[in-house]
Amino acid sequence: MWACAQTGSGKTAAFALPLLQKLATTRRERGRLVRALILAPTRELAAQIGESLRNYAQFLTEPLKTLVVYGGVSINPQMMALGGGADIIVATPGRLLDLIDHNAVSLSAVSVLVLDEADRLLELGFTAELTRILALLPARRQSLLFSATFPPSVEALAAGLLRNPLRLEIPAEPATTPDILQRAIEVDPLRRTQLLRHLVQENKWSRVLVFMATKYATEHVAEKLRKAGLAATAFHGELSQGARTQARVAAGGERGRDAGHRAAAGAPARRPAHRQRQPRLRAREWTRRHAAGGAIHPLPPHASNPQRAWHRHRPAAPTGRLR
């Protein structure tokens, strides 16, 4: 199946619910085998999919073993969790290949393959990894490709991966588009952070997402905000998984300090009883994430870039501000 729909339209449920129903009717074979493989471009998306699968599967008569594996954390707990195989593995391509190289898992029994956010998989340079993974899968399988956009690279991937696919395209409708107020404010470069601080304080924003152009800029602006008395943290690709998880916990994006590590080992996220909720951060310099208010600092060269990131990680409320 080939599906194209805007972010937030329910693509995860569209493949997760039928997949769980299918796997619940049969038993897993013994060995380091996996029956369904879901590939995601980022650690955060993999953890999100895994959490959704566990929530959907909690009422099944027979529990299914679902594991989430990604890089940035120790591979050893993941290898131990894979003992006896799994019904479903949600993985980033690089860590999955690491586990295969360690003989921790076999893809020879995969009956369902899901590529989620295929456009992002290719944008992030996973073409070689995808080629190697696809070569290890059985020829007879069901393949599902989900993507928010279909550039030529995704079209080529779909043409080589799918056979006579059912194609579904759900165009964005005004009724489902969130009400986002966008404003562009021209300001001298040296006064951008001062203006940002003023907007946060003037509007009394409790959580703010600031899109930055570079990793250095995220650290630099976060430090300036902290010196101004605002709780702020930077979030970018060079942080360790532990630092990324802690940043999400501080901002209320995870339910416990060890949530990311537990998800990587296949265990559901939970908060130990003796741990209290940590204070939420007021401002975050992230490339992508949900927030009550959003800011672009400075404005990126393509206006659609922040809009798309906002749609991918917008809050549950139907309204918001993108400034």
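Tabulated results
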| item | result |
| --- | --- |
| Hey, S52 polar (S, T, N, Q), free of Cβ contacts under 8 Å to residues at least 12 places away in the same chain, out of contact with any Lys or Arg (no Cβ under 9 Å at 6 or more places or on another chain) and more than 18 Å from S143 (Cβ to Cβ) or not | no |
| Search result, residues across the range 33-73 that are acidic (D, E) and part of a loop (DSSP other than H, G, I, E, B) | E62 |
| Which numbered condition A213 misses (of (1) surrounded by 14 or more Cβ atoms within 10 Å (Cβ to Cβ); (2) in the same structural domain as A46 (by TED's automatic domain parsing)) | (2) |
| Output for the range 141-159, where each listed residue is touching a residue at least 12 places away in the same chain (Cβ under 8 Å) and closer than 26 Å to K22 by Cα | R141, Q142, S143, L144, L145, F146, S147, A148, L157, A158 |
| Qualifying residue in the range 52-67 (condition: aromatic (F, W, Y), assigned by TED's automatic domain parsing to the domain that holds A135 and modelled with pLDDT under 90) | yes |
| Residue satisfying condition, being in the same structural domain as G10 (by TED's automatic domain parsing) and closer than 27 Å to P152 by Cβ, within set A135, A104 | A135 |
| Complete set of residues in the range 74-96 that are part of a helix (DSSP H, G or I) and touching a strand residue (DSSP E or B) at 6+ places or on another chain (Cβ under 9 Å) | Q78, A81, P93, R95, L96 |
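The values are calculated or read from the model by the stated rules, or taken from the named source; none is laboratory data. Predicted model only: the values in this text are computed from it and were never measured. Here Cβ is always computed from backbone atoms with ideal geometry, including for glycine, and neighbour counts include all displayed protein chains.
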